[in-house]
Amino acid sequence: MKIHRFFLASLVAVALLGDGCTSNAPPITLGGQPLAEVAVPAWSDVGDGARRYEASYGELSSKGVLRLYKFPATGWEWSFEQSTSGATVLDWAEKLPEVSVLINGVYFHEDNLPSGAFVSHGDRIGTRSFDADKSALIVLAPRLRIADLTKEPNALDHATEAAQTFPYLIKDGTASVGEDSGKLAERSFVGTDTDGAFYVGIAVNVSLSLYELSQLLATQPIHWQDVVNLDGGPSTGIYTNLPKENRSRNSLAPVSNVLVGRVTSSASQTSPSP
């Protein structure tokens, strides 16, 4: 399936609290026929310093939803939770009622141990790892970032919350999946922007390849730094319990690890701008 079939068809047109960036992009076309003009993107304040963004993609007859949440660099605490018995995203949320955000985690094997290097609450879980030149390291603590293991081969040694994953979808601000495998699935991802904000997101309802997701993210009016893929497919799921939004999209399959966010006392005083 070629990228033009899943290129951005329309962004949801909503003006909220004066926020949002404008786009000078021309109308998106499919086979020479205009589908929709790129509209003002929709940013919603969902409380505790977080904002939600939604866009649609796909053909007029079949629309997918790109939904992501943006969090300030301070005021939030992030961690990985791991279990040797899998659970759906909503089951995980019931086990962790104090969390404000929860999204499916990284790849895992049939034994429910991570497929790559993984550190949770300061403990290394399992012994597996991916090749450094084909993966990235999501570091949640002590400093939130996405580490390039070819440049920081010892990044895992200094992390108390981290997980290895692949591929980069955006690297140094540029779409980084070079070939389209044609393998389609719903997707989940995390990312950072050039201001240090942190993002978690999903692309659902219409399956797309990693190449298509990479291109789709690159078209959004966000100054990306890095974005990396999570497990995705039937593992895709997200849960939010925020002052202005309680919303969930359960995973179809149980997952053995999740990425969670807990608000701290300073978060409500921090509101990132788009």
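The values are calculated or read from the model by the stated rules, or taken from the named source; none is laboratory data. All figures in this text were calculated on a predicted structure; none of them were measured in a lab. Neighbour counts are summed over all protein chains in view; Cβ atoms, including those assigned to glycine, are modelled from backbone coordinates with ideal geometry. Heads up: the accessible areas ignore ligands, DNA and RNA and are worked out on the full protein's heavy atoms, side chains in. Shrake-Rupley method; radii C 1.70, N 1.55, O 1.52, S 1.80 Å.
Here are some notes:
- In region 203-247, of all residues being part of a strand (DSSP E or B) and of a type in the set (Val, Ile, Thr), the one that is farthest from GLU54 (Cα to Cα) corresponds to VAL228.
- For region 87-127, a residue qualifies if it is touching a Gly at 6+ places or on another chain (Cβ under 6 Å) and either of a type in the set (S, T, N, Q) or over 28 Å from THR240 (Cβ atoms) (or both), and the qualifying residues are SER100, ASN104, ASN112.
- For GLY196: the one exception among (1) more than 16 Å from LYS134 (Cα to Cα); (2) out of contact with any helix residue (DSSP H, G or I) (no Cβ under 7 Å at 6 or more places or on another chain); (3) open to solvent by less than 20 Å² (accessible area, probe 1.4 Å); (4) outside any helix (DSSP H, G or I): (3)
- Restricting region 158-170 to residues that are out of contact with any Phe, Trp or Tyr (no Cβ under 8 Å at 6 or more places or on another chain) and modelled with pLDDT of 95 or more, the residue that is nearest to LEU217 (Cα to Cα) is TYR168.
- Residues in region 112-127 that are open to solvent by 70 Å² or more (accessible area, probe 1.4 Å) and either part of a loop (DSSP other than H, G, I, E, B) or touching an Asp or Glu at 6+ places or on another chain (Cβ under 6 Å) (or both): HIS121, THR127.
- Qualifying residue in region 253-260 (condition: open to solvent by 50 Å² or more (accessible area, probe 1.4 Å), closer than 21 Å to SER115 by Cβ and touching a strand residue (DSSP E or B) at 6+ places or on another chain (Cβ under 9 Å)): yes
- Total residues in region 212-231, condition of a type in the set (A, V, I, L, M) and under 12 Å from the mean Cα position of the chain (by Cα): 5
- Number of the exception - ALA253 against (1) modelled with pLDDT under 95; (2) over 16 Å from PHE189 (Cβ atoms); (3) not aromatic (Phe, Trp, Tyr): (1)
- The set of residues from region 130-163 being in contact with a helix residue (DSSP H, G or I) (Cβ under 8 Å, 6 or more places away or on another chain) and either surrounded by 15 or more Cβ atoms within 10 Å (Cβ to Cβ) or not in a loop (DSSP other than H, G, I, E, B) (or both) comprises LEU137, VAL139, ALA147, LEU149, ALA162.
- Close contacts from region 44-55, counting a first residue that is in contact (Cβ under 8 Å) with a residue 40 or more places away in the chain and part of a strand (DSSP E or B) and a second that is hydroxyl-bearing (Ser, Thr, Tyr) and open to solvent by less than 10 Å² (accessible area, probe 1.4 Å), with Cβ to Cβ under 6 Å and a gap of 6+ residues or different chains, come to ALA50/TYR69; ARG52/TYR69.
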